[in-house]
Amino acid sequence: MNLPFRGLITPLATPLALSPHPEPSLDAPALERLIEHIIAGGVHGIFLLGSTGEFPSLGREMRQEIIRRTCTQVHGRIPVLVNIADTAISATLRLADTAVEAGADAIVLAPPYYFEPSQDDLLRYLEHIKNCLSLPLFLYNIPSLTKSSWEPETVRRAADFPNVVGLKDSTGDLNYLDKTVALLHDRPDFGILIGPEEILLEGMKRGAIGGVCGGSNLNPKLFVALYDAIVRGDWKQAEALQESVQHMNRALYHIGYKGSSYLRGIKAALALAGLCRPEPAPPFAPFSDAEYAQLEEGYRSCAPQS
């Protein structure tokens, strides 16, 4: 994996099979189908076990299975990044070991969630972890779900640690991005990737060098085309493609309960595309019939063209 790592990365959704048990089970054929779909769409990398991948709702054995299956299937065609975040450092290190053994290209680390560590706590935590790692490491900032943030000054300090090579910024806060970019002006080898797809264009204008966009599970070609237009400075084309992304966002991600509308929306859209089943992992349930009908209407307005 060349550094700084740039491009359009898909945070892979986790296809689940129908199961008679309360715990979810992996739909391995659908996982294979989804991986081939996004690689054919031209994405530059895969990010495993992020929010779109529903990692907090998956048992550690299933997370390890996803890592192994994905790395085996991708087989070096594009880089695979693996989120190793967990509440316990022992579990985080086991996931890191699995990623190394499976052949992943990098690991990604969010702050441990539930408790709320200080910035000094986070740096000490990172110090413990980096000494046990052999892969490049990206910080993962998503304070809306972890309660803790890698603050810009902490990111700058962490960038001096060996193997810490980038940041996935899922805050959606352009002021945070501006400050972080400014603090890292002397580190062109450190890459910042934007999470929220609705600000990919603006984020890259401000110094991000790529995006990790959930909608690319469904329509990878759209997101790769947007990234390419931004890179070549074709702002008219980029603005038109960004508006297509905004339309997808409005059509698919805002149906039903706000806390699960994105996950249920992307899963249902992938089901309509024939890529996987619509069920999210518990505690979330699939859409009701009325919600699904609303999703179908939105999907028809933004479905990928074959």
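The values are calculated or read from the model by the stated rules, or taken from the named source; none is laboratory data. Quantities reported herein were computed from a predicted structural model and do not represent experimental measurements. Using ideal geometry, Cβ is built from the backbone for each residue, glycine included, and neighbour counts are taken over all protein chains shown. For the accessible areas, the whole protein counts, side chains as well, though only heavy atoms, and no ligand, DNA or RNA atoms are used. Shrake-Rupley method; radii C 1.70, N 1.55, O 1.52, S 1.80 Å.
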With a 1.4 Å probe and all protein chains left in place, how much accessible area per residue does the range 168-306 have, in Å²?
45
Considering only L272, P143, Q237, whose Cα is most displaced toward the positive end of the charge dipole of the chain, charges sitting on Cβ of Lys, Arg (+1) and Asp, Glu (-1)?
Q237
Leaving out ligands, DNA and RNA, what percent of the accessible area of the range 12-99 is carbon and sulfur, probe 1.4 Å?
54
Provide, for the chain, the number of lysine pairs with alpha carbons under 25 Å apart, each pair being eight or more places apart or on different chains.
17
With only Lys, Arg, Asp and Glu charged, each at its Cβ (+1 for the first two, -1 for the last two), find how big the charge dipole of the range 160-289 is about the Cα centre; round to the nearest 20 debye.
300
Given +1 on the Cβ of Lys and Arg, -1 on the Cβ of Asp and Glu, and no further charges, what dipole in debye does the range 60-105 carry about its Cα centre, rounded to the nearest 20?
120
How compact and how long is the chain, expressed as Rg and Dmax of its alpha-carbon atoms in Å?
18.2, 54
Per residue, what accessible area does the range 29-75 have, given a 1.4 Å probe and all protein chains present, in Å²?
39
In a Gaussian network model of the chain with springs linking alpha carbons closer than 10 Å, the residue among L272, L137, L49 that fluctuates most is L272
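Viscosity 0.692 mPa s, temperature 37 °C: Stokes-Einstein D of the range 72-175 from its Kirkwood Cα radius, in µm² per second?
Value of D from the Cα-based Kirkwood radius: 234 µm²/s.
Counting only helical runs of four or more DSSP H residues, what would the 222 nm mean residue ellipticity of the chain come to if each run contributes -39,500 (n - 2.57) and the total is spread over all its residues?
Computed ellipticity for the chain at 222 nm equals -14000 deg cm²/dmol.
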Over the chain, what is the relative contact order in whole percent, taking alpha-carbon pairs under 8 Å and six or more residues apart?
19
Let me cross-check K221: its accessible surface, 1.4 Å probe, with only protein heavy atoms counted, in Å² to the nearest 10?
130
For the range 159-306, report the translational diffusion coefficient in µm²/s to the nearest whole number, using Stokes-Einstein at 37 °C, 0.692 mPa s, and a Kirkwood Rh over Cα pairs.
198
Express the carbon and sulfur contribution to the solvent-accessible surface of the range 256-306 as a percent, rounded to the nearest whole number, probe 1.4 angstrom.
52
Show the residues, 5+ positions off or on another chain, whose built amide H is closer than 5 Å to the amide H of A17.
S25, L26, D27
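So if I place +1 on the C-beta of Lys and Arg and -1 on the C-beta of Asp and Glu, and nothing else carries charge, what would the dipole magnitude of the chain be about its Cα centre? I want it in debye, nearest 20.
340
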